[in-house]
Amino acid sequence: MSKTPTPSPVDCDALVIGAGFAGLYAIHKLRESNFSVTAIESGGDVGGTWYWNRYPGARCDVESISYSYTFDPELVENWRWSERFASQPEILEYARWVADELDLRRSITFNTRVDKAEYDETSSTWLVHTSDGLQTRARFLISAVGCLSAESIPQFPGLQTYSGEVYHTGRWPHHDVNLTGKRVAVIGTGSSGIQAIPEIAKQAAHLTVFQRTPNYSLPARNRPLYADEHADAVKNLGKRRDRARSCPTGIGIGFGLNEALSLNDMDRRDTFDRYWHTGGNLFVTAFSDLATNLTANHEAAEYVREKIATIVDDPKTAQILTPVDYPIGAKRICVDTDYYSTFNSPHVDLVDLREDPLETITDVGIKTEHNEFDFDVIVFATGYDGMTGPLTRMDLRGRGGLALADKWSNGPTNYLGVALAEFPNMFTITGPGSPSVLANVIASIEQHVEWIVECMVYMRRNSFHEIETSARSEQSWVEHVNAIAERTLYVHAKSWYLGDNIEGKTRVFMPYAGGLNNYREKCAEIATANYEGFSFAGDKKSARSTTATTLASS
Ligand code: N01
């Protein structure tokens, strides 16, 4: 990387922001296609979300065999997962191993943040300013910052006065956190809280959980991964990849064929029983219509509500833990090990913030409307400024100095979730508007990286030096994304998918809910049509300027 303040022409073809799973594959694919690449990573190592999320109990809710790269058979063969659902340390180890196997580290600058990146219209390049005081000029800016890397701690009054230990699940310290014998508070009962609470309860002298919205959680039923499962995954990689690519979830398993109400009560219950006992989040795919039909969804929700009532001893606690006012799966479904039963322990209490709202953090703990609590430790499991936060927290500036945060003040306009008007030569891996978090994110990443690099190869072949989408293409795509979301039950809950968890954030459904398979096809069609909806500039002076007017109707 150059150390001159305004280097010219370019220091690298592509600057990749982030060295998590998206960044690692982007580096590899770009190098394989003979593009020079530099990656900037704020963490001290690769792994992204799995580098930062070290809270007790952190674990993936996608099965490890599916939560793996598929682009290289040798990687599949030579890495052996130990459990059905991998723990954070093992996933981090996997990311490190991949980085070493593919010799990726030499392209990455660690412990460095991208503070600002500005598009230089005269040279069609990005000038990227990093926290080490350096500047790098790149033809392409590729964001691989993930959807859930901008942690959020709500600005509770008194937060600064608290004298005890404070942790956020998404920024858990790298040193051992000893909770033994301590009075611990956990605020938040999303996926992170639900995983952390049973583990924290094992250590703490007393644990108090502050819950605003109860969540539906399904048992993981984690277990060792058997040798024959690994062998099968290696042997059938091609078939698995084809299946994953042709289904909405990106894991090769689609929704059940039957509609929930087409079965009688007993058969429907048998099906739910089967999924419940198998474990994992596929419960919400048991029937074809659980994500779209409120009546069908009600049956699944009732089933889980009954389970909560049977697991939790105290009826009042069970009632507080039971979600009643939104459909199952409308917020991201949680997967747990012993979550509900943890509340049967005498040293674990639950505070219902809907009945007893949190008023302030005090110097020694938390004050609610009706109670005061002293704590040695407060754990914020309060989530993230999802999807847009990781991008808007950097000072990204497109044409004419347009700030991304301003462009997105009314929601994240985008084309295909991968490109933005006024931000030429910039690609967003798993950006808002793409399936990302609604599918197996590794499959989403692979599809995006391959599409982006193919597009760059196309540009090189045609001597184009600039690609940009248009406001019309964005509008057409965003309308399409919204229309699909409206047909689902996602819009029936308050969630980070809609930005509800961040004060002042415009409420827009951000991911693409039409399925990774359909999305993949759409992206491929657009590429085949010479990148319909994009315009190019370059030596051949044959820039196309087309719009994606057909998308909304397709
Ligand atoms: O965050 P969340 P998360 N006062 O936003 C509460 C992925 N993930 O870190 O629901 C009081 O889901 C908030 O309450 P409410 C996964 O995609 C995956 O848990 O807004 N409470 C909620 O209970 C997941 O969806 C894995 O009413 C407040 C909690 O904090 C995503 O990350 C593991 C509050 C936040 O829940 C985010 O999960 C972990 C306030 N002011 C995460 N503000 C796996 O793979 C927020 N809350 C398993």
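The values are calculated or read from the model by the stated rules, or taken from the named source; none is laboratory data. Note that this is a predicted model, so its numbers are computed, not measured. Here Cβ is always computed from backbone atoms with ideal geometry, including for glycine, and neighbour counts include all displayed protein chains. Ligands, DNA and RNA are stripped out before the accessible areas are found, and what is left, the full protein with its side chains, is counted by its heavy atoms. Shrake-Rupley method; radii C 1.70, N 1.55, O 1.52, S 1.80 Å.
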What do you reckon, is ILE91 buried (at least 21 other Cβ atoms within 10 Å of the Cβ), modelled with pLDDT of 95 or more, among the aliphatic types (A, V, I, L, M) and farther than 30 Å from GLN135 by Cα?
yes
Of the residues in region 397-439 that are on the phi > 0 side of the Ramachandran plot and in a helix (DSSP H, G or I), the one that is surrounded by the fewest Cβ atoms within 10 Å (Cβ to Cβ) is GLY400
Please go through (1) buried (at least 24 other Cβ atoms within 10 Å of the Cβ); (2) more than 27 Å from GLN203 (Cα to Cα); (3) within 16 Å of the ligand (Cβ to nearest atom) for SER66 and return the number of the only condition it doesn't satisfy.
(1)
Could you look through region 153-185, keep only residues that are more than 23 Å from the chain's Cα centre (by Cα) and in a helix (DSSP H, G or I), and pick out the one that is surrounded by the fewest Cβ atoms within 10 Å (Cβ to Cβ)?
GLN160
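So which of PHE380, PHE375 is out of contact with any Pro (no Cβ under 9 Å at 6 or more places or on another chain) and crowded, with 19+ Cβ neighbours inside 10 Å?
Details: PHE380 fails: out of contact with any Pro (no Cβ under 9 Å at 6 or more places or on another chain).
The match here is PHE375.
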Go through region 324-385 and tell me which strands (runs of 3 or more DSSP E), entirely inside it, have 2 or more residues that are more than 14 Å from the ligand (Cβ to nearest atom), in the same structural domain as VAL177 (by TED's automatic domain parsing) and at pLDDT below 95.
none
Which numbered condition in (1) more than 16 Å from the ligand (Cβ to nearest atom); (2) closer than 30 Å to ASN517 by Cα; (3) crowded, with 16+ Cβ neighbours inside 10 Å is the only one that SER192 fails?
(1)
If we scan region 357-364, do we find a residue that is touching a helix residue (DSSP H, G or I) at 6+ places or on another chain (Cβ under 9 Å) and buried (at least 21 other Cβ atoms within 10 Å of the Cβ)?
yes
Can you confirm whether region 239-252 contains a residue that is free of Cβ contacts under 8 Å to residues at least 60 places away in the same chain, under 24 Å from the mean Cα position of the chain (by Cα) and more than 16 Å from the ligand (Cβ to nearest atom)?
yes
Which condition from (1) touching a helix residue (DSSP H, G or I) at 6+ places or on another chain (Cβ under 6 Å); (2) open to solvent by 20 Å² or more (accessible area, probe 1.4 Å) is the one that ASP13 breaks?
(1)
